[in-house]
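So the structure is just underneath, and the comments pick up after that.
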Amino acid sequence: MAEVTFESVRNDEEVHTYIVAAQDALEAIGYTEHGLRHVGLVAQRAMYLMEQLGKPARQRELVGIAALLHDIGNVVNRHDHGQTSALVAHRILSRMGMPPAEVAIVMAAIGNHEEEIGNPVNDVAAALILADKSDVHRSRVYNQDFATFGIHDRVNYAVTHSDLIVLPEERAIRLQLEVDTSIIALMEYFEIFLTRMVMCRRAARHLGCHFELVMNDTRLL
C-alpha cells in the first residue's frame, strides 16, 4: 500500500473536479462557500492544530487529507453530505492506495464533522471539527444583496476576521473573532452557532484542551 500524502490528494484531478462541482451546486441553492478556499483553510488550520499539540506527523497528514475531502459529498446533495463525503473519500483514497486502517480514520473524521450528528471519535475528527467550525468569515458569503440575507449570511458577513489559536502551555484552543456589531448583535452569533460551539468544546476536550471563544477582545467562553 502506498503512503497517500496531503499533496497527492490536493493535486488529484478527481478530487479537484468534485470540490469545484460541489461548490457550484451549493452556490446554485444559495449556501455559503464550501469550495477550494474553505477546504484549503480548514486543512491548514487542522494541521497547525495537530502540530502545536505535538501529534505525530502522519496524523497531521491524515487530518489535512480529511479536511480536503470533508465537504466533497456536496457534489451529490447537501443533505447528509458528511456521510456521502466519507463514502466518496473511501473510494478515492482506496483507489490511490491508502491502507484500510488509515482510510477508516479519515472516513470516521469526515462522517463526524456535522454538528447535528458528529462526535470527536478520534484525534483527526476532533481537529477537523475545530478547524471547520472556525471558518466563519464574510468572504464565505456569495449573496451580495444584503436585503435578502438570512441569518447564516448575516452572521458570516459580520465576521471580519477569524483565527484559530492553539496555546499549548495553557492546553487551550481559542477561536478569536472580530465581529461588526452594526450587522449583528453578539447574541445572534450564539443563536445560530451555539451547537457548533458546544461541538468545538467537546472536540477540544478530546484533545486534552479547553475551548475558548473570544469576540472583539472579550472572552465569552
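The values are calculated or read from the model by the stated rules, or taken from the named source; none is laboratory data. These numbers were taken from a predicted model, which means no experiment stands behind them. Methodologically, a virtual Cβ is constructed for each residue, glycine included, from the backbone with ideal geometry; neighbour enumeration extends over all protein chains shown. Keep in mind that these areas ignore ligands, DNA and RNA; they rest on the heavy atoms of the full protein, side chains included. Shrake-Rupley method; radii C 1.70, N 1.55, O 1.52, S 1.80 Å.
Name the single residue that is surrounded by the fewest Cβ atoms within 10 Å (Cβ to Cβ) among those in segment 25-72 being in a loop (DSSP other than H, G, I, E, B) and at pLDDT 95 or above.
Per the criteria, the residue is G54.
Does R196 satisfy the condition of being open to solvent by 10 Å² or more (accessible area, probe 1.4 Å) and modelled with pLDDT of 95 or more?
no
Taking the options A108, A131, name whichever one is of a type outside the set (S, T, Y), without any contact (Cβ under 8 Å) to a residue 40 or more places away in the chain and surrounded by 16 or more Cβ atoms within 10 Å (Cβ to Cβ).
Sole residue among the options that is of a type outside the set (S, T, Y), without any contact (Cβ under 8 Å) to a residue 40 or more places away in the chain and surrounded by 16 or more Cβ atoms within 10 Å (Cβ to Cβ): A108.
Please go through segment 6-24 and pick out each residue that is assigned to a helix (DSSP H, G or I), over 19 Å from the mean Cα position of the chain (by Cα) and of a type outside the set (D, E).
Passing the criteria: S8, T17.
Could you say which residue among A203, A185, A172 is over 16 Å from the mean Cα position of the chain (by Cα) and at pLDDT 95 or above?
Of A203, A185, A172, the one residue that is over 16 Å from the mean Cα position of the chain (by Cα) and at pLDDT 95 or above is A172.
If I ask for residues that are part of a helix (DSSP H, G or I) and either modelled with pLDDT under 95 or under 21 Å from E13 (Cβ atoms) (or both), which ones from segment 95-116 would you list?
R95, M96, V103, V106, I110
Each row is one residue, and each column tells you yes or no for (1) in contact (Cβ under 8 Å) with a residue 60 or more places away in the chain; (2) closer than 25 Å to T32 by Cα.
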site: H137; (1), (2): no, yes
site: I165; (1), (2): no, yes
site: E169; (1), (2): no, no
site: E178; (1), (2): no, yes
site: T181; (1), (2): no, yes
site: Y189; (1), (2): no, yes
site: H206; (1), (2): yes, no
site: C209; (1), (2): yes, no
site: N216; (1), (2): no, yes
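Being buried (at least 17 other Cβ atoms within 10 Å of the Cβ) and either among the basic types (K, R) or closer than 16 Å to E115 by Cα (or both) is the filter here, so list the residues in segment 168-189 that pass it.
The answer is R174, Y189.
Quick check: is even one residue across segment 41-52 within 15 Å of V124 (Cα to Cα), touching a helix residue (DSSP H, G or I) at 6+ places or on another chain (Cβ under 7 Å) and among the β-branched types (V, I, T)?
yes
Which one of the conditions (1) under 15 Å from the mean Cα position of the chain (by Cα); (2) among the charged types (D, E, K, R); (3) at pLDDT 90 or above does E178 fail to meet, given that it meets all the rest?
For E178, the failing item is (1).
Which count do you get for residues in segment 1-24 that are buried (at least 17 other Cβ atoms within 10 Å of the Cβ) and without any contact (Cβ under 8 Å) to a residue 60 or more places away in the chain?
Number of matching residues: 4.
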